[in-house]
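Heads up, the thing below is written out as structure tokens.
The values are calculated or read from the model by the stated rules, or taken from the named source; none is laboratory data. Please read all numbers here as calculations on a predicted model, not as lab measurements. Note that we place each Cβ from the backbone using ideal geometry, even for glycine, and neighbour counts take in every protein chain shown.
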Amino acid sequence: MSIKGSVGERLRNIGRQVLLFVACAIFTGTVGLLVADTVILPRFIRKGEQIKVPNIVDLSPDQARRALAKKGLRMRLQNPRWDTRIAEGNIVAQNPVSDARVKSGRTVYVVPSRGTRSFKVPDVVGKKLRQAHLYIQQAGLMVAEVIEEPSEDVEEGSVARQYPVAGSEVNAQAEITIYVSDGLPGELLIMNNLVGDRVAAAKKRIEEAGLRVGKTSYEFTTSYEPGVVIRQVPGAGEEIRQGSRVALIISRL
């Protein structure tokens, strides 16, 4: 073998040994990192101090931030949401929740309250009853009561007035009362006393007086026989327009 060939063979052997050493070093380092990441570090971290997250609900953001900072925690605000219980601007929710145990430096995400959501009352005057119901529901509100009354300006079956009035700002629990025209007002009458009358007799007296029978409901009582009027609206002696409706409450066992 020539001297030149011998030198080349030695260089190739050295190269292979270097590559083998580098490969072994990379493998050893990778295994070491995996062991550290999956075994050593978790054990070390688990031995770290656990901090109890304080309750910051209903605090202002500044108060909440200070309370968290005292515990070595950080705070990050999220998008606000409507809430009927917590005042506008105060914290309504937190994550992690209070009493959870976390590491020092953990970020607590908080949601501030936008306060009670307000709704604008729509204008339903002049609309038919069914349409008025629809408008009010679409505004996120509900009709509490429908009251019939005579009107000189609004045709029968349409809304003559409403409460609260159109444009009012109300909360989600607000209920709207609408007054529906039942035709032109008649002459003013004094309401007869119907209490104690049988249902048929009471209805006959209402119609003979130029009035109309309104809502009839039943109520348990031992003071009257079944089928007898125990209350009326309007009450006896009150003024009522001819053509108006009279509600009756009837006894039952």
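Just one of the listed residues (GLY235, GLY214, GLY186) is touching a strand residue (DSSP E or B) at 6+ places or on another chain (Cβ under 9 Å) and not in a strand (DSSP E or B), and it is GLY186. Any idea which residue in the stretch 113-158 is surrounded by the most Cβ atoms within 10 Å (Cβ to Cβ), counting only those that are closer than 30 Å to PRO61 by Cα and charged (D, E, K, R)? Only one residue tops the list, namely ARG114. Where strands (runs of 3 or more DSSP E) fall entirely within the stretch 52-166, those with at least 2 residues that are under 17 Å from the mean Cα position of the chain (by Cα) and without any contact (Cβ under 8 Å) to a residue 60 or more places away in the chain are at 91-95, 107-112, 118-120. Do we find a residue being of a type in the set (Val, Ile, Thr), surrounded by 16 or more Cβ atoms within 10 Å (Cβ to Cβ) and within 30 Å of the chain's Cα centre (by Cα) anywhere in the stretch 172-179? There is at least one residue in the stretch 172-179 that is of a type in the set (Val, Ile, Thr), surrounded by 16 or more Cβ atoms within 10 Å (Cβ to Cβ) and within 30 Å of the chain's Cα centre (by Cα). Filter the stretch 167-183 for residues that are more than 17 Å from GLY214 (Cβ to Cβ) and in a strand (DSSP E or B); which is modelled with the highest pLDDT? Selected residue: ILE176. Listed by first and then second residue, the pairs with beta-carbon distance under 7 Å, at least 6 apart or on different chains, first residue in the stretch 189-202 and small (Gly, Ala, Ser), second at pLDDT 95 or above, are GLY196/VAL228; GLY196/VAL229; ALA202/LEU194; ALA202/VAL229; ALA202/LEU248. Right, GLU207: outside any strand (DSSP E or B) and charged (D, E, K, R) or not? Criteria met by GLU207.
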